[in-house]
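J.: Quick one: this structure, given as structure tokens, is what I'll be asking you about.
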Amino acid sequence: MKIKTKFAALLAILSIGLSTPALAHPKLVSSTPAASATVGATNRLTLTFSERLMPRLSGVDLAMTGMPGMANHAPMKIGGATTAVGEDGKTLIVTLARPLTAGSYKVDWHAVAADTHRIVGSLTFTVR
């Protein structure tokens, strides 16, 4: 009986040391334009995450939320963008057909990494 108890205790100790690490979710590390930044006209956005992304399950929605001289501007979805994952596997690259005009913008992003959990977030920026 003592041998079984010692064996069980040894297995318990070993299982603590051999437990698998918890899978983390991707986190937004940086973006260009940066959150809350004011930039010149651009036709490219990048969002870099902490983990490699699953390209088919990650992307963005871009909307213009304000225009100079227009109060109470309703958000207007910006179409015609292509989204790809960069060579590092961690960067979403959004390329627009034309540079963004002056105004404020909101990027709603969604990212899926190896753990297959969909993580969402948003950021805003202004084009002068």
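The values are calculated or read from the model by the stated rules, or taken from the named source; none is laboratory data. The model shown is predicted, which means the values in this text are computed figures rather than measured ones. Every residue, glycine as well, gets a Cβ built from its backbone with ideal geometry; the counts of neighbours run over all protein chains shown.
J.: Any idea which of T91, T82, T48 is farther than 17 Å from G121 by Cα, of a type outside the set (G, A, S) and at pLDDT 95 or above?
T.: Of T91, T82, T48, the one residue that is farther than 17 Å from G121 by Cα, of a type outside the set (G, A, S) and at pLDDT 95 or above is T82.
J.: Now, a different point. For T20, indicate whether it is outside any strand (DSSP E or B) and modelled with pLDDT under 55.
T.: Answer is yes for this residue.
J.: May I pose another question? If we scan region 111-118, do we find a residue that is exposed (fewer than 11 other Cβ atoms within 10 Å of the Cβ), free of Cβ contacts under 8 Å to residues at least 24 places away in the same chain, out of contact with any Asp or Glu (no Cβ under 6 Å at 6 or more places or on another chain) and not charged (D, E, K, R)?
T.: Looking through region 111-118, none of the residues is exposed (fewer than 11 other Cβ atoms within 10 Å of the Cβ), free of Cβ contacts under 8 Å to residues at least 24 places away in the same chain, out of contact with any Asp or Glu (no Cβ under 6 Å at 6 or more places or on another chain) and not charged (D, E, K, R).
J.: Oh, and also: Please determine, by comparing only the residues of region 23-39 that are among the small types (G, A, S) and at pLDDT 90 or above, which one is surrounded by the fewest Cβ atoms within 10 Å (Cβ to Cβ).
T.: Once the filter is applied, the top-ranked residue is S36.
J.: In this structure, is M76 farther than 20 Å from T42 by Cβ and free of Cβ contacts under 8 Å to residues at least 40 places away in the same chain?
T.: No; evaluated as a whole, the condition is false for this residue.
J.: In addition: Out of region 80-119, which residues are part of a loop (DSSP other than H, G, I, E, B) and over 19 Å from T46 (Cβ atoms)?
T.: Result: T101, A102, A114, D115, T116, H117.
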